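Note sheet for the following structure.
The values are calculated or read from the model by the stated rules, or taken from the named source; none is laboratory data. Predicted model, so just to flag it, every value in this text is computed and none were measured. Here Cβ is always computed from backbone atoms with ideal geometry, including for glycine, and neighbour counts include all displayed protein chains.
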Amino acid sequence: MRRKLVAGNWKMHGSLATNAELLAGVKAGVAGLAAEVAVCVPYPYLAQAQQVLAGSPVAWGAQNVSEHAQGAYTGEVSAGMLKDFGCRYVIVGHSERRTYYGETDAIVAAKFEAAQKAGLIPILCVGETLEERERNVTAEVVTRQMQAILERCGVAALAEAVVAYEPVWAIGTGRTATPEQAQEVHAQIRALVAAADAGIASNLRILYGGSMKPANAKELMAQPDIDGGLIGGASLIAADFVAICAAA
């Protein structure tokens with residue numbers, strides 16, 4: 001059985017004071033749990049996360065990374081820089097990056113590759129908008145996003161990666177995909193990878209990133225192809241995040 005992974009995505013939230021309380025609560029709350037746990041924090045707080053979480057079972061990572069290793073890219077942060085702060089994970093292709101910052105499938109694939117070259121584990125986000133779901137093209141959209149990675153990096157790259165399915169229409173909207181809807185897309189992703197390598201597909205962890213909360217976490221993660229969660233708002237409340245981790 002694939003081990004569950006719960007990763008918290010703090011988005012653009014936090015302060016040194018609130019982070020200290022939140023990190024301490026998560027660190028204490030997940031001690032002894034079987035699931036793997038990580039928090040992905042804004043760049044300025046990576047040093048704080050490293051200091052607080054070092055030696056604990058909680059890993060940490062970033063929410064974005066440049067596709068470039070170095071150079072004249074003012075404002076960008078390279079994968080090597082993230083490694084300097086002990087990051088294990090980095091999120092690539094989050095729907096907000098794709099929507100607000102114009103990140104194409106090709107850019108996401110380049111960031112995925114850059115992360116792995118530096119020894120980071122990318123958490124690759126894929127998913128459809130409400131308009132795409134209503135047009136019944138979810139499978140086509142997710143396949144296109146996954147194919148960009150397979151074509152650039154090869155299926156072997158997924159052996160050292162995590163995939164997160166995030167239905168864009170279920171993030172911060174009050175709408176939530178049913179466990180059956182989420183399972184359907186997770187199964188499609190695994191089948192797509194299995195067509196290239198069944199072994200890698202079997203071990204690939206696919207997280208659900210559509211407003212998972214303590215109230216629905218257990219039912220969602222009971223689905224055969226849902227291997228954990230990429231948690232947004234609920235990761236900003238230690239008790240809620242720990243409850244989701246416990247459900248895993």
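Points to keep in mind about this one:
- The residue of the stretch 10-27 that is surrounded by the most Cβ atoms within 10 Å (Cβ to Cβ), among those that are in a loop (DSSP other than H, G, I, E, B) and among the small types (Gly, Ala, Ser), is Gly14.
- Hey, Leu82 over 23 Å from Ile149 (Cβ atoms), of a type in the set (A, V, I, L, M, F, W, C) and at pLDDT 95 or above or not: no
- Conditions (1) surrounded by fewer than 21 Cβ atoms within 10 Å (Cβ to Cβ); (2) assigned to a helix (DSSP H, G or I); number of the one not met by Val142: (1)
- Every residue from the stretch 79-117 that is of a type in the set (Phe, Trp, Tyr) and assigned to a helix (DSSP H, G or I): Tyr100, Phe112
- Taking the criterion of being part of a helix (DSSP H, G or I) and either in contact with an Asp or Glu (Cβ under 9 Å, 6 or more places away or on another chain) or among the basic types (Lys, Arg) (or both), the residues of the stretch 169-181 that qualify are Trp169, Pro179.
- Arg133 meets the conditions (1) charged (D, E, K, R); (2) surrounded by fewer than 18 Cβ atoms within 10 Å (Cβ to Cβ); (3) more than 21 Å from Arg205 (Cβ to Cβ) in every case but one. The failed one is (2).
- Candidate set from the stretch 210-220 (those that are under 13 Å from Gln181 (Cα atoms) and crowded, with 21+ Cβ neighbours inside 10 Å); member that is modelled with the highest pLDDT: Leu220
- Filter result for Gly61 (among the small types (Gly, Ala, Ser), under 16 Å from the mean Cα position of the chain (by Cα) and on the phi < 0 side of the Ramachandran plot): yes
- Residue match in the stretch 15-29 (condition: under 27 Å from Ala201 (Cα atoms) and touching a residue at least 24 places away in the same chain (Cβ under 8 Å)): no
- Any hit, the stretch 37-52, residues being in contact with a Lys or Arg (Cβ under 8 Å, 6 or more places away or on another chain), within 19 Å of Glu113 (Cβ to Cβ) and either touching a residue at least 40 places away in the same chain (Cβ under 8 Å) or surrounded by fewer than 18 Cβ atoms within 10 Å (Cβ to Cβ) (or both): no
- Among the residues here, Ala164 qualifies as of a type in the set (Gly, Ala, Ser) and closer than 24 Å to Asn216 by Cβ.
- Check on Ile149, under 16 Å from the mean Cα position of the chain (by Cα), buried (at least 21 other Cβ atoms within 10 Å of the Cβ), in contact (Cβ under 8 Å) with a residue 12 or more places away in the chain and part of a helix (DSSP H, G or I): yes
- Qualifying residues in the stretch 53-78 (those that are in a strand (DSSP E or B) and among the small types (Gly, Ala, Ser)) - the one surrounded by the fewest Cβ atoms within 10 Å (Cβ to Cβ): Ala59
- Only one of the numbered conditions (1) crowded, with 20+ Cβ neighbours inside 10 Å; (2) under 26 Å from Ala248 (Cα atoms); (3) of a type in the set (A, V, I, L, M) is not met by Val108, and that is (2).
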